[in-house]
Each structure stands twice: as C-alpha cells, then as structure tokens.
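The values are calculated or read from the model by the stated rules, or taken from the named source; none is laboratory data. Computed from a predicted structure; not experimentally measured. Counting neighbours? That spans all protein chains shown, and the Cβs are built from the backbone with ideal geometry, glycine included.
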C-alpha cells in the first residue's frame, strides 16, 4: 500500500508531529511504501534512516515567514504545496493509496485536499487539535484565558477578539477557515481519526457526518519497574511552557505549598514561572533517555491545562511509569485517568482546587495505591506498536474499500 503522510513539519515540533513521524516509521517497518509530505524542515534523521521517501518544500511556517504578505496568502492557499502534491500523487494508484493528514494549518494549507479529490484519492484526517472547526485551533479565548463555548464561525465568534495576537489575525484565521471549507475540509475528507472521546464530543457537530474512527495515540513508553511514588516528593510538569497550558497556575500552587516542582519544557512563560516560584526546578527540554531519570523522581504529574487538549500524551506516559496524574475537568486528559484510582481531577483553572488535589497526593499511602493502580491499568491495555499498526491499517483498508 502507498501511504502518504501529510504534516506541516518534517521533524517533531510537538505531539502531533511526533505521532506523524512514528506512524510513518511504523508503516515503513511493515513494508508499505511511505511518502512523508511536509513544508517545513529540517528533515528529521528518523525519516532519512527509515526507508521513507520524504518531500519537504523547505518553506517557513506562516508565523516565521518574514514576508508577512506571503505568509497571509500561503496560509490560505499554498500554491507550491498543491503543485508539488499533484506531482507526488501522479504516479500512484488511487486504489492502493491512502492520504493521512496530521497537520496542515501552519504551512501546507488545505490546498492539497482539492488536489487529492480531483485525482480520486482517499483522505483520512487526524484530529490532533480542533482546527477542523475552530479558527484558532483550540476553542480557547486567549484574551480572557478561558475555554470558548461559542459556535465556531457564528456571529459571536466572528466579532470576538479571542486570538493571542490581534483581532486582525483572528479575521485572517476566519478567512483560512473559509478556505478550508471551500477546498473540502471537512466535507470532502473520507474519514476522521479521533484520539479521545472527549475531543470527539466537542468536534462531532462540525464533521459533516463523516465516518470517525477512534484511535488513541501510541505512547512511546517501554515497560520497566514501577516508579516508587511513595518515596518521592516532586510534582512534575512536562510540556510546552505556555499560558494555555496552565503552567503559572501550577507554579503558584507549588509556591504556596512549598513543594518540589519540576518543569520539563520551554516556552514564553518560563520567566514568569520563576517570578512566581523562584525555587521552581527548570529542566528545559530533555531527550527521551534523560526524561527516564526525571520520571523516577516523580510523586505525581500535574497537567494543569486551561484548554480542552486533544488527548494529553504526558498523562499517559506518567501512568505507564506508575505515576498518578492530577488533571483538570473540561480537558481530554480526563479520559486517561480514573478519578480517585489512577489520579485526581481538579476544577479547571482553580488554584484552590489544584492545591487541594496536590495536598491529597502528598500522602505516601495514596501516592502508592494510585501509582500501583495506574501502572497496572496502563499495561493491562497492551497498547503496543503491533496493536496500533493493526488498528490503523484496518482503518486504511476499510476506507479504501469505499472506492
């Protein structure tokens, strides 16, 4: 089978790209002809050494494009991406090829969807975020720093200045959303892949009645001994240090409770975290190997996100190590824990509620019981590479049978 993986970036810039790269490698390992189509380099060594044909346009993503007029136009319709994508598809047989889109809003644009439709190729779209519906991709009001409950592209949505940059940028996002619809997203996508029941519940009204498959993301975790959380004292945060991720909320809770708080990651809120809690243990981004030693320090993972999220990969990674997680209500990470058994829920955005959950977790007995439950339940699922491949190739084949 020919499998064309579409992703804005040819390297792992975040969770969605990580899944795109892993999917490409898995499919190549099982003998499929994999083409990785991207716009922004550099090309990851993982692709170069995995027998994958990589097409990279060597463009900038629209936020880093210095020519702002070019960025505005390309974000709505990337002409070069459409032309190059047509060249990639031309020698392929539509009856033995599937297009699997992971991300396209930050560089590639929806221009490729109309090309694929014209050439009779089947398309699967992976719902890593909420961009198929929401102009700012997350149903989040950056100005008010809270979840947005407006109907996407309704009058109230159009006049709301919810963008993190400006109202002008919001209007450009609305234009991009209109272009997506014009070029076939979601109407001319054959099927969607959802990564959590929570995110699917939010997105389902916007999917034009298309077929949706549930496929939780594959977690890069190897089974080892359970972390003895009952011996640890550090609360962990792993991810981008940005406002919508709620990192300052965690910093304030840690400061008031005078606990050891480890932040793994980087972002614009790093300095603010240190202002709130000078004793915060800032580790920056770490390799997978170095991250293993950090997990061994953990009492619990705090996932303080203020917005919906798509799944919450770090919560699953923590559970795989036997580390319970503290996650907010109104967040997709809720799907990954059992409240009171493998983790604790706190009220989204509430400092008092987060502090209460952290105080409960500081009981060694509770940390041990929840850690044991988390470890046992995670590995009972047997969600490994072989299972992931089997489910995904089954989706590909079922969609192709519709030709």
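Brief remarks on what is shown
- Checklist (1) touching a helix residue (DSSP H, G or I) at 6+ places or on another chain (Cβ under 9 Å); (2) under 30 Å from residue 241 (Cα atoms); (3) in contact (Cβ under 8 Å) with a residue 12 or more places away in the chain applied to residue 80, failing item: (2)
- Of 349, 322, 312, 340, all but one fail to be at positive phi, surrounded by fewer than 18 Cβ atoms within 10 Å (Cβ to Cβ) and outside the structural domain of residue 200 (by TED's automatic domain parsing); the exception is 340.
- Which numbered condition residue 126 misses (of (1) in a loop (DSSP other than H, G, I, E, B); (2) touching a residue at least 60 places away in the same chain (Cβ under 8 Å)): (1)
- Considering 58, 46, the condition of being free of Cβ contacts under 8 Å to residues at least 40 places away in the same chain and either under 25 Å from residue 177 (Cα atoms) or out of contact with any helix residue (DSSP H, G or I) (no Cβ under 8 Å at 6 or more places or on another chain) (or both) is satisfied by 58 alone.
- Which numbered condition residue 120 fails, given (1) surrounded by fewer than 18 Cβ atoms within 10 Å (Cβ to Cβ); (2) in contact with a helix residue (DSSP H, G or I) (Cβ under 6 Å, 6 or more places away or on another chain); (3) not in a loop (DSSP other than H, G, I, E, B): (3)
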